[in-house]
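Encoded as structure tokens, the structure appears first; notes follow it.
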Amino acid sequence: MPKVGVLLSGCGVFDGAEIHEAVLTLLALDQHQATIVCCAPNIEFDEVDHRTQKPTGRKRNVLQESARIARGEIRDLATVRAADLDALILPGGFGAVKNLSNLAEKGPQGTVHPDVARLVGDCLAQRKPVGAICIAPAVLACIAGQRGISAKVTIGNDPGVAGQIIALGCQHENRPVTEITVDADHKLVTTPAYMLGPGPAAVYEGIRKLVDKVLALI
């Protein structure tokens, strides 16, 4: 069975991993009987009240929060190597650009958490498929661009984020929520999900296609 890493960034759309996207990714992988390796960095982040979308002033831990989605079966990202995996998928949610990176704050001048950059970068170097969902393709574009790879990705059709991806040295394709962009040269697959999605059914259609393609590229 293929072994696929799922890199989480917390638990909740405004300060962590988008829960629907993460769970639908796990569902699609399980339907293929893939072995799933959930992982997350062991770092703190600023909590957001999901009712008001405002910071609470409290801190939470990314690894502990991600373990909620993984039902406790999760590894510290620092212990995960590309050699452990056949492929890697990054669900979206603002945690991707706030916890896995600081792109939400610094845009194209931002940086990615070292362990995220290591794992994704090693997958790129070893030509292992990488999928990214929602806003997470921006993280992928940052890592690829820093390695001189002009990756082709989609986050939907947001001109601001698309412009940042281009500024990172990558290419952007407009896609609807139910579709994917495939960069066959670099084995990258991306889909807009809740950058566009009206609800779980449409989001799942894109994620299902992404998982199908990631597994086909192994």
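Is it the case, given these coordinates, that Ala141 is under 16 Å from the mean Cα position of the chain (by Cα) and not acidic (Asp, Glu)? Steps first, answer last, please.
Details: under 16 Å from the mean Cα position of the chain (by Cα): yes; not acidic (Asp, Glu): yes.
Judged against the criteria, Ala141 is a match.
For Asn99, are the conditions met, namely being farther than 15 Å from Gly5 by Cβ and over 17 Å from the mean Cα position of the chain (by Cα)? Spell out how you get there, then give the answer.
On the way: farther than 15 Å from Gly5 by Cβ: yes; over 17 Å from the mean Cα position of the chain (by Cα): no.
Considered against the rule, which asks whether it is farther than 15 Å from Gly5 by Cβ and over 17 Å from the mean Cα position of the chain (by Cα), Asn99 comes out as no.
Quick check: is even one residue across segment 99-120 crowded, with 21+ Cβ neighbours inside 10 Å, more than 24 Å from Ala34 (Cα to Cα) and not hydrophobic (A, V, I, L, M, F, W, C)? Yes, segment 99-120 has at least one match.
Among the conditions (1) under 13 Å from the mean Cα position of the chain (by Cα); (2) exposed (fewer than 15 other Cβ atoms within 10 Å of the Cβ); (3) β-branched (Val, Ile, Thr), the only one that Thr52 does not satisfy is (1).
Among the candidates Val139, Val182, the residue that is touching a Ser or Thr at 6+ places or on another chain (Cβ under 6 Å) and among the β-branched types (Val, Ile, Thr) is uniquely Val139. When residues of segment 70-114 are filtered for being of a type in the set (Val, Ile, Thr) and in contact with a Ser or Thr (Cβ under 7 Å, 6 or more places away or on another chain), how many remain? So the answer is 4.
Could we say that Leu29 is farther than 19 Å from His113 by Cα and of a type in the set (A, V, I, L, M, F, W, C) here?
Against the criterion (farther than 19 Å from His113 by Cα and of a type in the set (A, V, I, L, M, F, W, C)), Leu29 qualifies.
The set of residues in segment 74-115 being of a type in the set (D, E, K, R), touching a helix residue (DSSP H, G or I) at 6+ places or on another chain (Cβ under 6 Å) and more than 25 Å from Ile218 (Cα to Cα) consists of Lys98 alone.
Picking from Thr178, Thr154, which residue would you name as being hydroxyl-bearing (Ser, Thr, Tyr), at pLDDT 95 or above and closer than 23 Å to Leu8 by Cβ? Spell out the reasoning first.
On the way: Thr178 fails: closer than 23 Å to Leu8 by Cβ.
Only one candidate qualifies: Thr154.
Scanning segment 18-56 for residues that are of a type in the set (A, V, I, L, M, F, W, C), closer than 27 Å to Tyr204 by Cα and in a loop (DSSP other than H, G, I, E, B) gives a single hit, Ala34. Looking across segment 57-107, the residues that are outside any helix (DSSP H, G or I), in contact (Cβ under 8 Å) with a residue 60 or more places away in the chain and in contact with a Cys (Cβ under 8 Å, 6 or more places away or on another chain) come down to Ala70, Ile74, Val80, Leu85, Ala87, Leu88, Pro91, Gly92, Gly93.
The values are calculated or read from the model by the stated rules, or taken from the named source; none is laboratory data. Note that the structure is a prediction, hence the values are computed from the model and not measured. Ideal geometry is used to build each Cβ from the backbone, glycine not excepted, and the neighbour counts take in all protein chains shown.
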